[in-house]
Amino acid sequence: MHAIRASVLSFHRDPGALGAREISGDLSANIENSVYSYFEDGCVLINEHGNIEAVGPWQQLGNDLAANIIVDDYSGHLLCPGFIDTHVHGAQLDVIASYGTQLLDWLAVHTFPAEAKFEKAEHARLQARLFFNELLRNGTTSAAVWPTVHEQASTIFFQEAQRLGLRLVSGKVLMDQHCPINLRDENLQTTERVLRAQIERWHGQDRLSYALTPRFAVATSEPLMQLAGRLFAEMPGLYMQNHVAENKAEVQLIKQLYPAERSYLALYERMGFCAPRSIFAHCIWFDQQDWHLMQRSGSAIAFCPSSNLFLGSGFFDLKLADQYSINVGLASDVGGGTSLNMLQTMSSAYLVQQQIGASLHPLRQFYLATLGGAKVLDWQDKVGRVARGYEADLVVLKWASDPVEKNRQLLSKTLADRLFSLSTLGGRANVVATYVRGKKVDSPVEAVS
Ligand code: GUN
Ligand code: ZN
């Protein structure tokens with residue numbers, strides 16, 4: 001058993017339905033309500049299996065600790081559940097900050113050439129290490145990760161995640177048209193054999209789960225999508241992840257490729273993709289029937305705000321998703337996204353909602369990056385909360401990492417305001433420590449050549 005002392009924030013449920021007034025607590029007191037708890041001077045007890053044994057005020061739990069229990073003292077810092085990134089491309093670190101294109105050109109000019117390099121195992125290994133190190137340095141402990149089309153590269157991502165003990169969803173990307181020849185699945189039989197072998201090898205191993213990963217209906221042919229849909233239906237417990245209705249030109253191209261289809265999402269429904277454990281990234285250009293279909297099918301959404309801003313894709317309507325009671329998580333979508341950091345992703349989510357006349361409340365920002373993401377990945381009983389019985393994946397954050405942040409924090413009178421200035425101004429420099437299953441991650445390698 002060991003203990004951590006810090007200010008502890010954790011959600012019990014989605015604050016979305018409540019008004020901002022109801023959920024802003026006074027800073028001086030501990031706050032415990034049906035939505036979240038916040039202990040200004042809190043204590044988390046972690047057992048030898050890496051699970052949380054107890055959470056509460058330090059005065060209640062900390063003072064009675066046996067003398068031999070080690071305490072990591074982060075008094076004055078904020079501890080929350082490790083962040084959860086519901087959609088990120090582990091093979092796109094080379095692509096971040098690529099100038100001047102929108103989705104379809106961006107894929108052709110920048111992204112596909114970068115992903116082609118993953119044919120070589122050494123490149124895939126170095127990039128996978130760099131990627132997971134950076135996730136952890138940013139306080140992200142769980143993710144739905146896209147590798148590339150290459151069997152070996154996707155195996156390497158699983159191996160590296162397993163080595164670090166991460167909770168992860170991933171799976172070989174499926175693509176066989178409208179992309180470079182060297183990035184295509186060659187034939188259905190081979191792909192099916194590879195998928196079955198990978199699922200057998202990785203799904204349910206340690207904290208790893210397998211996701212069928214058809215890239216999108218532009219680059220994935222109907223027969224290949226059908227294969228993904230068939231395996232998804234055949235093996236309960238698998239995940240499905242893809243991109244939908246991200247960019248106007250993309251939606252137009254789908255109309256040309258599938259003129260008889262009611263919509264982009266309707267095509268995916270016909271392929272068997274719309275179901276619980278299916279995670280759709282973007283969901284910007286939906287009509288009302290699409291929203292109903294998302295709701296009916298229990299599908300979830302990865303909201304990718306920095307990517308949507310960077311690629312000029314459009315503004316995801318969180319309010320509409322709420323009206324249809326759809327699970328939404330935050331996603332960096334690197335390399336379309338500009339940062340792996342979830343504080344910055346929260347801030348981008350606020351910026352996107354502002355464009356459509358909505359203000360994303362800071363408590364909701366933190367909810368979306370923790371328990372909201374856990375729900376999208378169906379892990380709401382395992383991670384995403386600092387609560388008894390949960391896996392101790394945690395992040396410790398500095399409220400301020402520079403004088404401007406400090407000045408702004410000193411003005412904050414409510415928890416909500418402190419959180420808002422942290423998410424608006426903060427970033428990688430605010431991450432003090434990351435814990436995976438109760439173990440502090442050793443300061444990960446800064447750079448991999
Ligand atoms: N649609 C198909 N592939 C991709 C990708 O790699 N990134 C984004 N943002 N959208 C996509
Ligand atoms: Zn993506």
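Please say if the range 92-203 is rounded, prolate or oblate, where rounded means a/c under 1.5 for a ≥ b ≥ c the square roots of the C-alpha gyration tensor eigenvalues, and otherwise the choice is prolate for a/b larger than b/c and oblate otherwise?
Oblate, because a/c is 1.5 or more while a/b does not exceed b/c.
Tabulate in residue order the Karplus-calculated ³J(HN,Hα) for the range 273-278, using 6.51 cos²θ - 1.76 cosθ + 1.60 with θ = phi - 60°, rounded to whole Hz; enter x for Gly and Pro.
Running phi through 6.51 cos²θ - 1.76 cosθ + 1.60 with θ = phi - 60° gives 8, 8, 6, x, 6, 9 Hz.
Zone of residue 355 (label point 7 Å along Cα→Cβ, backbone N under 13 Å): which residues in the range 236-273?
Counting backbone N atoms under 13 Å from the label point, the list is 246-248.
GNM, the chain, Cα, under 10 Å: largest mean-square fluctuation among 334, 432, 88?
Looking only at 334, 432, 88, the largest GNM fluctuation is found for 432.
What is the dipole size for the chain, taken about its Cα centre, with +1 at each Lys and Arg Cβ and -1 at each Asp and Glu Cβ, in debye to the nearest 20?
60
Ranked by Cβ crowding within 10 angstrom, fewest neighbours first, how are 356, 301 ordered?
Lowest to highest Cβ neighbour count: 356, 301.
Please determine, in degrees from 0 to 90 and to the nearest 10, the orientation of helix 248-257 with respect to the longest principal axis defined by the Cα atoms of the chain, where the helix direction is its Cα long axis.
So the helix axis and the longest Cα principal axis differ by about 30 degrees.
Specify which residue in the list 47, 69, 136 is farthest towards the positive end of the charge dipole of the range 1-152, using unit charges on the beta carbon of Lys, Arg (+1) and Asp, Glu (-1), about the Cα centre.
My answer, from the dipole projection, is 136.
Are there GluC sites (Glu not before Pro) in the range 377-449 that DSSP marks as loop and that have at most 14 other Cβ atoms within 10 Å, and which are they?
446
For the range 306-391, with only Lys/Arg (+1) and Asp/Glu (-1) charged at the beta-carbon, what is the dipole magnitude about the Cα centre, in debye rounded to 20?
220
Could you tell me how many degrees, from 0 to 90 and to the nearest 10, lie between the Cα long axis of helix 188-202 and the main elongation axis, the longest principal axis, of the Cα atoms of the chain?
Value to nearest ten degrees: 20.
Looking only at 268, 350, 258, which one moves most when the chain is put into a Gaussian network model with springs between Cα atoms under 10 Å?
258
Cα axis of helix 415-425 to longest principal axis of the chain: angle in degrees, 0 to 90, nearest 10?
50
State to the nearest 20 debye the size of the charge dipole of the range 291-445 about its Cα centre, where the only charges are +1 on K and R beta carbons and -1 on D and E beta carbons.
So the dipole magnitude of the range 291-445 works out to roughly 400 debye.
Collect residues whose amide H, placed 1.01 Å from N in the peptide plane, falls under 5 Å from the amide H of residue 397; neighbours closer than 5 in sequence don't count.
78, 79, 80, 432
Per the Cauchy relation, a quarter of the hull surface: what is the mean projected area of the convex hull of the alpha carbons in the chain, in nm²?
Computed as one quarter of the Cα hull surface, the answer is 20.5 nm².
Quick one: among 163, 230, 201, which has the greatest mean-square fluctuation in a GNM of the chain with alpha-carbon springs under 10 angstrom?
Checking each option, the largest mean-square fluctuation is seen for 163.
Taking the Cβ of each residue in 103, 293, 330 as the centre, tally the other Cβ atoms inside 10 Å and list the residues starting with the fewest.
Fewest-to-most ranking of 103, 293, 330: 293, 103, 330.
At 0.36 nm per residue, minus the direct Cα-Cα distance, what do residue 60 and residue 432 gain on full extension? Give it in nm, one decimal, please.
Length gained, residue 60 through residue 432: 131.4 nm.
Let me make sure I get this right: for the range 324-420, a, b and c are the square roots of the gyration tensor eigenvalues over alpha carbons, sorted descending. Under 1.5 in a/c it's rounded, otherwise prolate if a/b > b/c, else oblate. Which is it?
oblate
Show the residues, 5+ positions off or on another chain, whose built amide H is closer than 5 Å to the amide H of residue 174.
Amide H neighbours of residue 174, under 5 Å, 5+ apart: 213, 215.
If you average the C-alpha positions of the range 385-449 and of the range 165-222 separately, how far apart do those two centres end up, in angstrom?
That distance is 34 Å.
What's the extension gain from residue 152 to residue 186 if we count 0.36 nm per residue and subtract their Cα-Cα distance?
Result for the pair: 10.7 nm of gain on full extension.
How many nm is it between the label spots at residue 159 and residue 256, if each spot is 7 Å from the Cα in line with the beta carbon?
Here the answer is 4.1 nm between the modelled labels.
Using each residue's phi in the range 32-38, evaluate 6.51 cos²θ - 1.76 cosθ + 1.60 at θ = phi - 60° and report the 3J(HN,Hα) Karplus result to the nearest Hz, with x for Gly and Pro.
After applying 6.51 cos²θ - 1.76 cosθ + 1.60, I find 9, 9, 6, 9, 7, 10, 9 Hz.
Laboratory data are not the source of any read-out in this text; all were calculated from the coordinates shown. Since we're looking at a predicted model, the values are computed, not measured. Because the Cβ atoms are built from the backbone with ideal geometry, glycine has one as well, and the counts that use them run over all protein chains shown.
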